[in-house]
Structures are given as structure tokens and as C-alpha cells.
Amino acid sequence: MEQENDYVDHDHQSYRSRATSLNFNVPFLSTRFLHHSNSINEALSCSSIRRRNSTSVNDRVPFSWEKAPGKPKDDEDYKNEVSYGLSDTPRPKLPPSLLWHFRHNKNDVENENSFSDYYDNCDADVEVELEEGEEKVSVFNDRSDDVYSDAIDVFSLSEAIDIVERSEKRAREFTTDKLKLKIIEDSRNGINNQYPDFIIQRFLPDATALAAASTLGAMSLKKSCESYYSNNNIADDRSFNHQQRRRSHHRKTSTFGGRPSSMTRTTSFSSSKGAVQKDMALEITQFLLAAQSADAKVRTEAEANLRQFQEQNLPAFLLSLSFELANNDKPTESRRLAGIVLKNSLDAKDAATKDRLVQQWMQIDVSIKTQIKDFLLSTLGSPVPEARHTSAQVVAKIAAIEIPQKQWPALIGTLLANMTQRESHAGLKQATLETFGYVCEEISHRDLEQAEVNNVLTAVVQGMNFADNTVEVRLAATKALYNALDFAETNFQNEMERNFIMKVVCETCMSKEVEIRQAAFECLVSIASTYYEVLEPYMQTLFELTSNAVKGDQESVALQAIEFWSSICDEEIELQEFDPESGESGAPHSRFIEKALASLVPMLLETLLKQEEDQDQDDSIWNVSMAGGTCLGLVARTVGDSILPLVMPFVESNIMKPDWRCREAATYAFGSILEGPSLEKLSQLVQSGLDFLLKAMKDENNHVKDTTAWTLSRIFELLHNPAGGFSVVSAENLERVVQILLEGIQDAPNVAEKVCGAIYYLAQGYEDAGPASSVLTRYIPSIIDCLLKTANRADGGDLKLRSSAYETLNEVVRCSNIVETSSIIAQLLPAIMEKLSSTVELQIASLEDREKQGDLQASLCGVLQVIIQKLSSVDETKTVVLQTADQIMVLFLKVFACRSSTVHEEAMLAIGALAYATGTEFERYMQEFYRYLETGLQNFEEYQVCAITVGVVGDICRALDGKVLPYCDRIMDLLIKDLSSEELHRSVKPPIFSCFGDIALAIEEHFEKYVPYALQMMQGAAELCARMDTSDDELIDYANQLKRSIFEAYSGILQGFKDSKSEIMLPYAQHLLQFIETVFRDKQRDESVTRAAVAVIGDLADALGPNTKLLFREKSFYVEFLGECLESDDEQLKETATWTKGMINRIMVS
């Protein structure tokens, strides 16, 4: 991993390595530079101001956000942590069904292990074909017992889709100048009319022209390679074919795993750059092979050589890789790695790295890029499947760069030619269709003209044809259609074209091959989500298709069939939540679930009986039973009370059966439908069923107990709310409930984990319950004791039982009545501190030991955070924290030395709580703690740590007030650099603005020297908000976060200057009001943004007073804005608006 340093983007290195930091003590920079009125423009011309301001406007650090929005780097880790909602404490893991339904994400990437440490950061997603003789389940066998072998005979026709007979009558006619699709209607209907040939009418003219143009422009591989190497004084690698093959063979036998031969040693580079490039070109095959050696020395030397070639001549390096991939005489191993390195030279997961790679590609000479692309396109016809597959991916990566820039207009035509020419073999067609799919996955639907979309659909639909193509081609075509569906909006608006596409997909769902059927159902899932509003005519057929698949097909196909209905539920739930008063036009609500309910629910209930024996032991299992339960839960949310009469008979008839599968399925069904139906309908059922479920916790079967514990947790989550006036748990049955749960927590780890969830929600229900929470107090000691014992169980590590136990302990402490439990929690504090202290002394002998230590420390720091917050919430118990603060802080500093990011996060959060509790006394810890604070603010890679550290800076400012001043120069320097960085994840940047407000409030007039820098960033971010894409939901959410944080920063700064030097903010008032007006006009702002905007208007009037009278007269929008807020149902917003109105009225009459 150390070698990755050679690939650091030197233009975007972290600020740690930069030579200078911001100097806040230079002469004050006039804020007038940021405004544009006539008087200010005149001021800009004054030489006196120029002399007074040594810092040029152009030298200021600009606000920057990621050019390509990033995703959390450890997102997959977070997916496996089931969250309990909005609280800081994550949920204990519940049974598989609480994961709700699995989403097939077309952006998921196949991964293959990198071939060496040098490529650890590569996205090596080249699929490796199994060698002959390796064990593999074939999906292409024509088995007589295949349930779909005669599916065409039983398939029912809908009114809108005509199913074409699969017989000799079905044909596809080719000519050299055009493709004609002829579709024969079902003879049983006696209809002989041809299906509308919209593909011929609309798609093929453009397709034919593009194909002809690309064919004329193609270059031969030999000519391309000879031309480049000749022009660049590089020996032609191919002239040494026989010698290289011998050397390659020699290397396999004498180098790998043994002493490296002289041929694999590092090349001696002469002073001639041409000689270096020549040697590198000669040895590229050998280096690629050696880079995969098991011998570390051989591998290291080869990696160094490859890196040197890449750094000295990137164009030649990429061309050599493309030629290696295209050359069928080269070893498969070198071709595979050449493709991976080439692909990862064009793309990266990190946004900054990706941008750098794109820029490098764009700067390469057009002639070289053309040769590389020609090599790649020719490789699509290689006889080696792996080379074809890799080339398809690399072509898509280049397309992702060039197509949006309109720099590869011939690509679609070239690919189409591969599909339409008679001599194109099946392998070429398969690779071409894969390329279409990858290209559609990489680019936006806005990047292609409709004619190009039509061409792609033509090729894909042709490839799915049963009569004319091999199984491999049809599978590639079906997968390509999945990625192309987002591009087909115009086609789905056309009834004839939509009918044809749906016909093809439905036919493909009945293919004899399992993998093709699965891919076709995945297309239906995507269609359900993307084109819900046009599905009405096809739903009868789609129900029959999915029903047959769920009842009798392979599990992989059945899962997608269930997912289709889950997607329909998602769409209808969203439509039900749609606010018609918002002015937006939503899709029509077709109520498919309601119409299909009588048949859909029994089908889903059947799936619940298809459990696997070990499904509760393995978190990765996702089977038909789990998918069915998840879908059943979504159906309940969609139709509400209507589901109860269909599910309860199933529950009642199976709950007492001797077969454990029946009992488990009945319990699972009951737990799945608890969200959706009304409280009135559910209350009686749950009241009568609670006693039975408590008894079922002693069932002889582990699966039944597991699902019962999960169902109890659902009941306590949804139907236990004493503060709201209803709870299935009463003072009378609470003792029994607690007794059963504390017995159940001693069961098998998977059951105990679900019991933790039940205890979690049981305790949570008493939060804010007032006197009603007292009924739980007498059980708190027993619950805490059991949870601590559970956390220490030796058998709970694999299922994260320990983590669940500690998270539940946090919730029990957080929701307890502090007046009644203060002594209990005070006794818990030293016990947790002792446990945390013991972890520091653990002997670490392996990576696994280090990971276990980190997990335990993170959990214990989380418990300490909650205890500190709870004890410091009232004055009577805050002294307990103050008395132990020194020991707690020493522990946290020891934990920081472990250098685990997870522990770092939890310890930071706990220190924030400690700072809040100790107030100004926290100053005595700052000198030791500050270096960890600074490290956290510079941690761009583990950006969650950086975000939490920013929050802790705010906590410390609120605790120390003016005593934080000695540290502010460096903190502000780091925060401004964080805002300027393109490497830092964008989610960290809004909290930084809020932190500006905290710092300003703490140090008041001393914030003056930071104003030019901070306000420049805030104004830049405000302008960015105005330019954001309002069609992207993710960007809308981010923009709202950014707006709210900017307003919070302004509020803090204005309040900080209120009592002195408030005039400093006067030059910024006009820009602020303009920004507020822009936000007011934005109908997509959320309530938190509205509250922050109204508050900052009041702060502006309060801090600047009569100086803003003219501004408020000019910007009269505030009257309408405040009027809207005063009519809101949000009492807090109304209160803030009333105060703001009073502040403005005060200055207007002054």
C-alpha cells in the first residue's frame, strides 16, 4: 500500500503538506471587495484601499465542493449496521426480514481480487471464467424437469400484449443495408397482421448510416500499432512474438515462486528517454506477468517498472496496455491485468482521483486515443471471452469521459455494425451487447440523442431474439436492456414501442435458461420503478408471470419476481405520501396492490413456509421466505386495514401446528403486518396475541424463538407509546414481559440479539412518558446486569451480540428517569470505565485481535457518552461527572493512541459530551487533546471522523467560550482548508459553516480577523446553492443542509458581534438578504431551512439595528415570508417569526 504514494495527486494533496497556512494577522481585508454597488466599485479604485489590503482578491481560497459527489468510502460496512432511526445509537440487529427488501442496484460493481498489492486500489471487476472441469452449475442445460420448459403453452395473453408463437414461423430477415424485424401474431387469435414495425421506421435508418460510417473509418490493428511505435521510436513489440512466447514460457516455469531470472529484473534505464520507452514496450508482457508473481521480490520489481513506464510516458503506456489486451498471441494472464490497469487508469472511486484521471486522458493526443480505442473495439471480437469482457468495460469507461463531451460520435454506430453485419460471430455480438450495457450504466440518458437511443434499443432487442442468437448473446442483450431502460423514456411514451418492448421482456421471462429469466425479471423490476404510470394494460400478464415464478421457479428468479411487487409497493407508498397541495404533478395512482390483493397476499404467505434451516445463523442469507415477508410488510403499508382479513386466518391456522415451519411462518406474517393497519384494528389483535407470543419465547425450535423475539420488538416499536396514550404493555403485564425477555437474552446468540432489540424498544417507549416511566425503574438494575453479562458472552462475537447489548444498554440509560435512576447510573460509570481501561492493556497478536479491541472500545466509549450526557442533564448528578472527569479524559486519550477510526469517532463524541458537562473546566485538557482535534480535522480519508471532530469543535467552543481563543487561529485555518478541499467528502462541509457560528459566538469581537475568509466561503457556498441541479433529490437534500448551515453561521457571527463591532457585518447584509430571498422563492426548501432563514433575519435586525432600515425597505419580500411562517402549524417556527417581526418593527419605527 505504500506504493500508492507514487500515484498521489500532487495538485490535490492534503493541506498538511502545503508550505503555508492562512495568516489571520495580516492587515484587515476590506469587506467592500465582496460587493458591487456603484459606490463600492468606486472604492475599489482607490489606491489607499489597495495599499491597505495586501491580500489580493484573487489570492483568496475559494469554497470548493466535490466535482463528482462522492459516496461514503465504507458504505458497505454501514449497510450491515442496522440503524434504529434518527437517534445517535444504532439499532440492535433484528431478524433478516427487518432488513426490508433487498434492492438490486445496477450501480453495484463486480469485484475481483487485485493481482498484487500494487493494484489494491483498483476496481478490478473483470469476471474470470471457470476452467473446464471446475465445478459450476450450468444455467444452459435443457433439463426435462425444468418447470418452464413448457411455460409458453400455459401463458395467458393480456389484452395489450400479444405473445408470439415460438415456431418456425418466427423469423428475422437480414439484408446488407437494413435490418427488418417481422413479428407474427399469435395464430390462436386468427390475426395475421404484422406488429407495428416501429424499429424499422424509426431506428434503422440512423443505425445503418452510423454503421456504414464507422466501418469505413475503422483502422487495422497492425497499421495502428506500427504507426505509433514507428513515429515514437519504440520497437514493435509484435516483431518479437516467438521470442516473447518462449520468454513468457520460461518465466512461468523458472520465475514464479522461485528465483527471478535476469529477464524479470529491473530494467537498467539509460539516459535516453527513447531507449527507456523502447525497453518498456518490449517488456510490458513480462512485467504484467511478473506483477502477478507469488514472489514478493519479483512482484515489487515488476510493479516499479510498470509505474516508471506509466510516469514517463502515459500515452505509450496506455497504448501498450491496449495492444496487450488486443493481441491474441499474448498470455491470458497478462491480457487480464493489462485490461484492469487500463480501466483503472481511466476511473476511480475517489472523486478527486477520478477527476485527475479524466484530465490525463483528455490531454492525450487525439491520434493516440484513436488507436487505443481501435484496439479496444477490435478486442470485442477476440476468441478469448475474458478479453472481450474486459475490453467492453474499458470502452465504457472511455465513453463515460468522451460521450458527454461529444468526442466519440462514432461509437454507437461502430457497435451497431457489429450487430448488423452477417460475418459477426456470436462472441462479438455478446461483447458488443455487454458494451452497450456498460455504456448505458456509465453515462446519463441526457448524453445520447434519441436516434442513438433507438439504435441501442434496436441492437438490444435484436440480441434478445430466441431464434437467431445463442444463449450467451441473449443473456448479454437482456442485461444490456436493464441498463438501457433509463434511456427509453420516449419509447415508453409511445404505445406501439412500449408494447413491443414489454412483449420482448415478457417472452424472455419464459426462457428455458435460469440466468436469462432472472435478468428479464430484473428488467421488470426496473420497469416497475421507472415506468409505473404506464403499466396498467400489462398487469394481468405480469401477475401471471411473477406468480408462476414465485411458485415454481428457481430461487434467483423467484426473488426478482417478488421484488417486482415490492417495487410496485414502493411506488404506491410514495404516491400515497404525495401532497397534492404542493403544486407538483404526481404520477397517477393505479392501486395495483389493492386490485391484486386477494391473489397477491396468499402467494406471499406461501413463500413464508420456504425457510432455510440456517437462515438465522448467517446475516448474508436472503431467500424467498425473507423476500416474501418483506414484500408482505410493504403491502401492509400500502393497503392498511385491508390486509388483516387475508393474513390473520393464515396466522391462526398455522400458529399451533407441530411443524416448526408453520409456527415460524405464522409469527413472521403477524410481525410483518404491524405497520400499516390502523391502531384501532391492531390493538385488539395485539393485546390478545401478546400473551401467546410471550409463551412462544419458550418454543423448542430456535427459528420460532428468533422470529418471536423480532415480532415482540416490532410490537414494542409500533404499539408501545405511553406518552402517546396507548401501549400494549401495562403496569400489570410489564413484570412478565421483562421476565420473559431477560430469560430469552440467555438463549442462543441469534435469539439473544433479537431480544436486545425488544428491550431496546421497550425502554424507548418510556422516553418522555413522565410519571408513566416510573413503572420501569425497578427493573432497570436487572436489565443492566443482564445486558452487561450478555455483552461478555464468549459466543456472541460472530453475530455482533456484544455490540447489540451495549447499544441496548445505551438506550436503557438514555430513556430512564434520571431522578429515580441516578444512583444506578452513577454506579455504572466506574464499571464501564474499568472495562475500557482493561482494553488498553489487551495483548494484540493479530489483525483480528486489533479489530476486536477496536469494536469493544467503540462500544464502551458510546456507553460512556450516554452516561455522561444523562448524569450532566441535571445539576444534582452533574457533580458525579465533574469528580471523575480527569480519569475519563485520561482514558479517552489512551484510546486515541489505538488509532482506530471507529474508536476515534466514538471517543470524539464522548469528549464532546464531556466538554459540555465540564464547561470552562475543560480548558485544562485542551493542551493534550488539541493534537487529536487537529488530526481529526485533517482526516479526509475517514471523513466521518472529520465530521464528528468538527462537531466536537462546536461543543468545545460552547463550553469554553472566550477561553478557546488561543486555539482559534489554527482551527480556523484547518476549517477553511477543509472547505477548500476537493478531496474532503462534501457531507462534512455544512457542519463546518455551523462551526463558524459557534466559534464567533464564543470569541465575539475577536472573530473580526476571520471575517473576510469565513464570509468569502459562505458567500461562495450560497452561490453554489443557487446553481445546484434541482432535479436531483440527493443534491436537493445537500443544498438544504448547506443553506441551513450558512444561516446558522450568519446567526452566530451576528450575535457574536452584537455587543461590539457589529458594523463589521454591515457590508455583508445586502448579500445575506439576497440569499434569504432566493431561498424564500425556492419551493423545495425544507422546514429546517425556513426556521434558520427566519431566525437570521431577526438576528440581522437585532445586531445591526437602524443601519438596516433602508435594506429592509428595499427587500420587502420578508413581509410575505414572515406571513407564510406565521400561518404555519409549526409552533417553533411561528414563535421565531413573531420574534423576527418584532425586531424588524423596532428598527423600522426608530
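The values are calculated or read from the model by the stated rules, or taken from the named source; none is laboratory data. The structure displayed is predicted, hence computed values, not measured ones. Reconstructed Cβ throughout: ideal geometry from the backbone, glycine too, with neighbour counts over all protein chains shown. Heavy atoms of the whole protein, side chains included, go into the accessibility calculation; ligands, DNA and RNA do not. Shrake-Rupley method; radii C 1.70, N 1.55, O 1.52, S 1.80 Å.
S529: accessible area at probe 1.4 Å, nearest 10 Å²?
Only protein atoms counted, so the area is about 50 Å².
Kindly sort E820, E577 by accessible area of their heavy atoms, largest first, with the probe set to 1.4 Å.
Per-residue accessible area, sorted high to low, gives E577, E820.
What list of ³J(HN,Hα) couplings, whole Hz, do you get for the range 812-820 from phi and the Karplus terms 6.51, -1.76, 1.60, once you set θ to phi - 60° and write x for glycine and proline?
4, 5, 4, 9, 6, 7, 4, 4, 8
Pairs K878/K1043; K698/K835; K754/K878; K397/K1043; K963/K1009: which exceed 24 Å Cα-Cα?
K878/K1043; K698/K835; K754/K878; K397/K1043
Keeping every protein chain present and rolling a 1.4 Å probe, give me the accessible area per residue for the range 729-801 in Å².
Accessible area per residue, the range 729-801: 40 Å².
Let me check I've understood the local charge: for R802, count other residues with C-beta under 9 angstrom from its C-beta, Lys and Arg +1, Asp and Glu -1. What total comes out?
+1
For the range 279-408, give the magnitude of the charge dipole about the Cα centre (Cβ charges: +1 Lys/Arg, -1 Asp/Glu; no others), in debye to the nearest 20.
That gives a dipole near 420 debye.
Would you mind giving the three semi-axes, in whole Å and largest first, of the ellipsoid equivalent to the range 279-408 according to its Cα gyration tensor?
23, 18, 13
Once neighbouring chains are kept in place and the probe is 1.4 Å, which whole percent of the accessible area of the range 1021-1150 is contributed by carbon and sulfur?
Carbon and sulfur atoms account for 46 percent of the accessible area of the range 1021-1150.
Counting other C-beta atoms within 10 Å, and keeping those with at most 11, which DSSP coil GluC sites (Glu not before Pro) do you find in the range 723-788?
E732
What net charge is computed for the residues neighbouring I745, neighbours being all others with C-beta under 10 Å from the C-beta of I745, Lys and Arg scored +1, Asp and Glu -1?
Counting the neighbours of I745, the net charge comes to 0.
Students sometimes get this wrong: rank R802, R422 by accessible area, probe 1.4 Å, all chains present, largest first.
Final ranking, largest accessible area leading: R422, R802.
Which order do the peptides 446-452, 669-675, 970-976 take when ranked by the mean count of other beta-carbon atoms within 10 Å per residue, highest first?
669-675, 970-976, 446-452
Taking θ = phi - 60°, what integer Hz values does the Karplus form 6.51 cos²θ - 1.76 cosθ + 1.60 yield along the range 293-298, in sequence order, with x for Gly and Pro?
Each residue of the range 293-298 in turn: 5, 6, 7, 4, 5, 4 Hz.
Over the range 279-408, what relative contact order in percent results from Cα pairs under 8 Å that are six or more residues apart?
Here the relative contact order equals 23 percent.
Any idea how far the Cα center of the range 1039-1114 sits from the one of the range 650-673, in Å?
Here the answer is 58 Å between Cα centres.
Listed here are the pairs K369/K406; K551/K610; K343/K989; which of them are more than 20 Å apart at the Cα?
K343/K989
Per residue, how large is the accessible surface of the range 279-408? Use a 1.4 angstrom probe and give square angstrom.
For the range 279-408, the solvent-accessible area averages 28 Å² per residue.
Would you check the accessible area of R958, probe 1.4 Å, heavy atoms only, in square angstrom rounded to 10?
Near enough 130 Å² of accessible area.
Can you put K695, K894 in order of accessible area, largest first, using a 1.4 Å probe?
So the residues, ranked largest to smallest area, are K695, K894.
Using the per-residue mean of other Cβ atoms lying within 10 Å as a proxy for protection, in what order, highest first, do the peptides 296-303, 1023-1030 fall?
Descending mean neighbour count gives 296-303, 1023-1030.
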